[in-house]
Amino acid sequence: MNSLQSISIGPMKPYAARPRAAVRRRRCDGLMALLLTLGLLLALVCPALAADGALDPAFDPGEGVQHLPGMRGRINYDDGTNRFLIWGYFTSINGVPRGSLARFNADGSLDTGFNPPIKGEVRTVYLMSNGKILVGGRISVGSSSPYHYNLARLTSDGALDSTFYEILDWYGMVNSVKVQSDGKVLVGGWSMTVLGDASATYHLLRLNTNGTVDNSYPKRSAPGGLVNSITVLTANDARIYGILPNISGTHTGYLVTLSLSGNLVSYLGDETFNGPIYDYGTQTDGKKVYVGHFTEVLGFPRKYIARLDTNGALDTSFDPGIGPNGRVNNLVIQADDKLVVAGNFNTFNNNPVGYAVRLNTDATVDSTFAASADDRIQKLNLLNGTGSDLVAFGWFRNFNGAARPGLAYMDSNGNLYNLYTGWTSANTDTAYVYALAVQPNGQVWVGGDFTGVGGKMHRAWPASTATAAWIIHAGAGWTAI
């Protein structure tokens, strides 16, 4: 195989439940033009690459692309039952079919009477005070058409709540759902498309209590717009993490506070950081630590972690050096002001780590912290939001060398608790490759609808020759190369 680029197109599959034909047609015109262009290129390129047509045994993708089971969150019921929900991307728990949302009893056993009709990846859950459950993600919900796409409300027993309007079509994704004190629902995500509104796609909406769009609240729409998470503050202001273009003139906001009516209160953006902020916390001296997917802060190199003084200047005494080799998803500030950070990294300052580290107040690594996963950690939080115990969610199968399928509980130093062990998760959704390209340096770039390769999530995957490597770009839906 030479260095010419090869592109292969597979079937488009947003998720298992197909969208209605009328909705599907609205989004397919551009895709068909792209497919025609790529098909012509494929016809020109492939004969040169086919050679004698023999399989190259030195280039072995093993298990190929997959949808790995993974966990994104956990929330406790506050009704005294000690039940809890977990969500993420899975199709079974302990061999019992469950569509990415499951309820557990206080003893850790699966609640067999709770089985929501969900297909796809659940990325956010909000447990309402009346026991109903808002779910969002890249999902379809319902046992038959019409399905609710990407956002739905469930009854307390897990059935689809038909009194909450079907508001979004299949395109895009919901990343965060929060309810304000008046019952209105903030919805954040990527390229969300409202049924009956072909004028734009949105990254932030507010819904009325019945699920209809609240047009009194500014609908945020801009190319590249993305909301990763929303927090409702005590005054019903909304703190939003994401990429919000044109938040102030031409500036992009990465950490934005909006008022109850949706007006801008404050923001941190591209004047300070050169990439998204995923989380931040305040230490006892008032200094703030930020983590995310940035590499510069106020013109200084700071890879994914930075601390600002109380006056907003960069704290140059907090220098993580080379830092992590992948983005940092979140942080926990412990009582002694040490920082636990977790995410998509397996080295820190070029030293191997297990997708989490604890940093001293001067940004040096605290080697006494024991937490170590075998794959990426989506979040590492305080258990129940208080105290000192920790809980991790992610795409790992083992934690500190023990079997933990995407969910691990530990003390403040990262030592595992023997809680809720012995259960398993699986994901049998079919993965697809939509496109691939061979680069001049011999790397193969793969795009499609999958979450991992060879049992690992979004990992660089060495091939069996020294001159080539699989570089995986994973995600749902069409991935351009």
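The values are calculated or read from the model by the stated rules, or taken from the named source; none is laboratory data. Everything quoted here is computed from the prediction, not taken from an experiment. No Cβ is skipped: glycine too gets one built from the backbone with ideal geometry, and neighbour counts run over all protein chains shown.
Could you say which residue among 286, 321, 354, 343 is out of contact with any Leu (no Cβ under 9 Å at 6 or more places or on another chain), within 27 Å of residue 398 (Cβ to Cβ) and of a type in the set (Gly, Ala, Ser)?
Testing whether each residue is out of contact with any Leu (no Cβ under 9 Å at 6 or more places or on another chain), within 27 Å of residue 398 (Cβ to Cβ) and of a type in the set (Gly, Ala, Ser) leaves just 354.
Can you name the condition, by its number, that residue 382 falls short on among (1) without any contact (Cβ under 8 Å) to a residue 60 or more places away in the chain; (2) in contact with a Gly (Cβ under 9 Å, 6 or more places away or on another chain)?
Every condition holds for residue 382 apart from (2).
For region 83-131, give me each residue that is within 22 Å of residue 184 (Cβ to Cβ), touching a strand residue (DSSP E or B) at 6+ places or on another chain (Cβ under 9 Å) and either aromatic (Phe, Trp, Tyr) or surrounded by fewer than 16 Cβ atoms within 10 Å (Cβ to Cβ) (or both).
Result: 126, 128, 129.
Across region 128-141, what is the number of residues that are within 14 Å of residue 101 (Cβ to Cβ) and either outside any strand (DSSP E or B) or of a type in the set (A, V, I, L, M) (or both)?
6
Would you tally the residues in region 142-168 being polar (S, T, N, Q), assigned to a loop (DSSP other than H, G, I, E, B) and touching a residue at least 40 places away in the same chain (Cβ under 8 Å)?
2
Counting just the residues of region 385-400 that are farther than 15 Å from residue 417 by Cα and touching a residue at least 12 places away in the same chain (Cβ under 8 Å), which one comes out surrounded by the fewest Cβ atoms within 10 Å (Cβ to Cβ)?
397
Which residues, taken from region 97-106, are assigned to a strand (DSSP E or B), over 16 Å from residue 141 (Cα atoms) and either of a type in the set (Phe, Trp, Tyr) or modelled with pLDDT under 95 (or both)?
Answer for region 97-106, where residues must be assigned to a strand (DSSP E or B), over 16 Å from residue 141 (Cα atoms) and either of a type in the set (Phe, Trp, Tyr) or modelled with pLDDT under 95 (or both): just 104.
Looking only at residues in region 387-429 that are at pLDDT below 90 and in a strand (DSSP E or B), which one is nearest to residue 372 (Cα to Cα)?
425
Identify, please: which residue in region 106-147 is β-branched (Val, Ile, Thr) and within 20 Å of the chain's Cα centre (by Cα) and is, among those, nearest to residue 170 (Cα to Cα)?
Residue satisfying both the conditions and the ranking: 139.
Just the residues that are touching a Lys or Arg at 6+ places or on another chain (Cβ under 8 Å) and loosely packed, with under 15 Cβ neighbours inside 10 Å, please, taken from region 181-199.
Result: 198, single match.
Among the candidates 322, 277, single out the residue that is more than 28 Å from residue 417 (Cβ to Cβ) and surrounded by fewer than 19 Cβ atoms within 10 Å (Cβ to Cβ).
Exactly one residue qualifies, and that residue is 322.
Report those strands (runs of 3 or more DSSP E) wholly inside region 213-261 carrying at least 2 residues which are more than 22 Å from the chain's Cα centre (by Cα).
Answer list for region 213-261: 238-248, 251-258.
When only residues in region 148-166 that are over 19 Å from residue 114 (Cα atoms) and more than 22 Å from the chain's Cα centre (by Cα) count, which is surrounded by the fewest Cβ atoms within 10 Å (Cβ to Cβ)?
163
Mind checking whether some residue in region 107-118 is in contact (Cβ under 8 Å) with a residue 12 or more places away in the chain, part of a strand (DSSP E or B), within 20 Å of residue 91 (Cα to Cα) and of a type in the set (Asp, Glu)?
For region 107-118, residues in contact (Cβ under 8 Å) with a residue 12 or more places away in the chain, part of a strand (DSSP E or B), within 20 Å of residue 91 (Cα to Cα) and of a type in the set (Asp, Glu): absent.
Mind checking which residues of region 80-96 are under 24 Å from the mean Cα position of the chain (by Cα) and outside any loop (DSSP other than H, G, I, E, B)?
84, 85, 86, 87, 88, 89, 92, 93
Give region 372-386 a look and list any residue that's more than 17 Å from the chain's Cα centre (by Cα), farther than 17 Å from residue 352 by Cβ and part of a strand (DSSP E or B), or say none.
Scanning region 372-386 gives a single hit, 382.
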